[in-house]
Structure formats: structure tokens, C-alpha cells
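Heads up, the thing below is written out as C-alpha cells.
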């Protein structure tokens with residue numbers, strides 16, 4: 001069940017703020033022409049539930065937040081990209097999952113990442129943005145994955161752990177119009193599973209400091225990753241395929257250079273026929289039980 005908690009930290013936690021890279025501090029070595037710029041961003045908010053890759057993991061309210069700090073390096077005006085660290089956290093606001101995950105700060109996701117935009121023109125209007133990151137998911141109060149006499153836990157094969165790890169690759173074609181993106185999430189610690197996430201998004205400046213971002217996202221899960229989102233009513237042996245879709249509208253309003261507010265709402269749906277049938281006849285927790293649902297949240301954001 002711990003794989004259910006794989007958070008959007010990997011590809012989605014930074015998506016709304018990836019274009020914001022203001023410098024907090026910059027140093028330059030005149031002899032070598034090298035320059036270092038330090039910058040970061042973060043957010044914290046309340047959500048109607050825990051949504052991940054178009055599936056609902058918890059239908060009751062949660063608090064979630066993310067923060068990261070980066071260092072961008074250039075040598076003789078050659079951009080070498082940025083290297084940074086980030087952390088995401090979740091707190092359930094109800095007791096619904098307390099017996100298994102605890103409640104307050106029941107998940108921490110730490111990542112180390114590198115990113116760079118490869119511009120196709122001097123005006124930097126068209127370019128390929130790339131980001132790779134290794135994510136370590138930690139569940140400090142986790143009480144699942146117990147061994148039994150058959151050598152197999154309910155959601156794992158004879159393994160007891162409170163962590164899992166991903167290696168992710170994220171691509172986006174930056175341009176003034178509609179931005180296509182593609183994310184490859186590879187879970188290599190437990191199941192050697194793969195998830196592909198792709199779609200379109202566009203930033204629309206409505207007024208000074210206020211931006212709306214509509215997006216459409218589709219998710220493909222291989223059979224190992226489908227097993228990580230268990231739904232009572234279907235077996236662990238399940239083919240991979242197009243699993244979910246999500247249509248989201250996000251708004252960001254910056255009332256100062258460094259602080260702002262955000263809100264988002266999304267419609268999510270299971271599009272795999274077998275998974276929808278399983279959700280229709282399944283029972284138990286929220287994990288993939290909801291075929292169609294609306295999810296959203298609001299909070300504060302910052303950058304430096």
C-alpha cells in the first residue's frame with residue numbers, strides 16, 4: 001500500500017512554478033567567468049483529498065506542501081542548468097487512514113534533482129525543458145506491509161519497509177502557445193514499475209500578477225504500476241494501459257514579488273475499462289474506488 005502514496009512531488013509539485021526562477025543571491029568569479037545563482041520556491045495548502053496521477057488515495061481533506069532550493073551555474077554565459085533538493089509532505093486532517101499511515105505529517109518525499117532548458121533561439125521563446133530527479137518516499141508512522149505465514153504481505157511480496165524510490169524524467173516543450181509535456185516515472189525500489197504522464201498546458205496572464213493555467217493530463221500505467229493502485233474486485237495480474245485522465249484549472253495570484261496565493265480544481269476519471277469495472281464492483285478504501293471525481297485545493301506560495 002505504500003506505493004499508493006507516491007506523490008506528485010516528482011513531476012507535478014513544481015509544475016505551476018517551474019517558470020519562476022528569481023535570483024536570491026548570485027556570485028561570480030571574474031577569472032573563470034563562472035556564476036552561481038541561488039533560487040527556490042514552495043507552497044502549502046489544504047486540499048479536498050489526496051489525488052495522485054488521476055486516482056484518489058484519500059477522499060477526505062489533507063494538508064500538503066512542497067519547497068525546494070536550487071543553484072544555477074553558468075560559465076562564460078553558457079547555462080549549465082541547476083542542481084537542487086526538495087521536500088514534499090502530507091498530513092491527513094481526519095482519522096480515515098490513521099490505523100495504517102498515522103495522521104500528522106504521515107508522508108515525507110525528499111528529492112535531488114537536476115534541470116536545464118535547451119533553448120532553440122536567442123530570444124528564449126522556444127526550448128526543451130528537462131528535469132531529472134530521484135525521489136525517496138518516507139512514511140514515518142506506517143504500520144502496513146506485515147509478513148505473514150505465507151511469506152506475502154497484502155500489498156507486497158514478503159517485504160517490510162517504510163520507503164520506496166523513484167527515478168523520474170520530465171520534459172516540456174516551452175513556447176508562447178500551448179506547452180506539451182511528458183513525464184516518465186520509474187519506481188525501482190519495490191516493483192520496477194513504470195508510469196507515463198503526458199498532456200498539454202497553457203499559462204494565461206489574466207491581469208498583472210494573476211495567471212490561469214488550464215491543463216489536460218493522461219496517465220499510462222504498466223501492469224506493475226496498476227498493481228500499486230489496488231482496487232478491491234480485480235486481481236493483481238492486470239494488463240497495463242491508459243489508466244486515468246485529469247482536466248485541471250489552476251490560478252496563481254502574486255500580491256508581492258515573493259508571496260502569492262494559489263487555487264486549483266480538477267476533474268479526474270478512470271478511463272481503463274477493466275479498472276472502471278473493478279471500481280464499480282469494488283469495496284474498501286478510496287484507492288481507485290472513485291471512477292470520476294472532482295478534486296481541488298488552495299493555499300499560499302512563495303519564491304525567492
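Condition check for residue 278 on (1) surrounded by 15 or more Cβ atoms within 10 Å (Cβ to Cβ); (2) modelled with pLDDT under 85; (3) closer than 18 Å to residue 58 by Cβ: one failure, at (3). From the list 62, 94, the one residue that fits, being within 16 Å of the chain's Cα centre (by Cα) and more than 30 Å from residue 120 (Cβ to Cβ), is 62. Counting only strands (runs of 3 or more DSSP E) that sit wholly inside the range 106-204, not one has at least 3 residues that are at pLDDT 95 or above and surrounded by fewer than 14 Cβ atoms within 10 Å (Cβ to Cβ). Of 255, 304, all but one fail to be loosely packed, with under 14 Cβ neighbours inside 10 Å, out of contact with any helix residue (DSSP H, G or I) (no Cβ under 7 Å at 6 or more places or on another chain) and modelled with pLDDT of 95 or more; the exception is 255. For the range 62-83, the set of residues classified as in contact (Cβ under 8 Å) with a residue 24 or more places away in the chain, assigned to a strand (DSSP E or B) and under 18 Å from residue 118 (Cβ atoms) consists of 70, 72, 73, 74, 75, 79, 80, 81, 82, 83, listed by residue number.
If you go through the range 53-69 and keep only what is closer than 22 Å to residue 111 by Cβ and crowded, with 20+ Cβ neighbours inside 10 Å, you end up with 53, 54, 55, 57, 58, 62, 64, 66, 68. Across the range 26-61, the qualifying residues are those that are more than 17 Å from residue 297 (Cβ to Cβ), assigned to a loop (DSSP other than H, G, I, E, B) and touching a strand residue (DSSP E or B) at 6+ places or on another chain (Cβ under 9 Å), and the one among them that is modelled with the lowest pLDDT is 32.
The values are calculated or read from the model by the stated rules, or taken from the named source; none is laboratory data. Note that the coordinates shown come from a computational prediction; the quantities given were computed from them, not determined experimentally. Note that we place each Cβ from the backbone using ideal geometry, even for glycine, and neighbour counts take in every protein chain shown.
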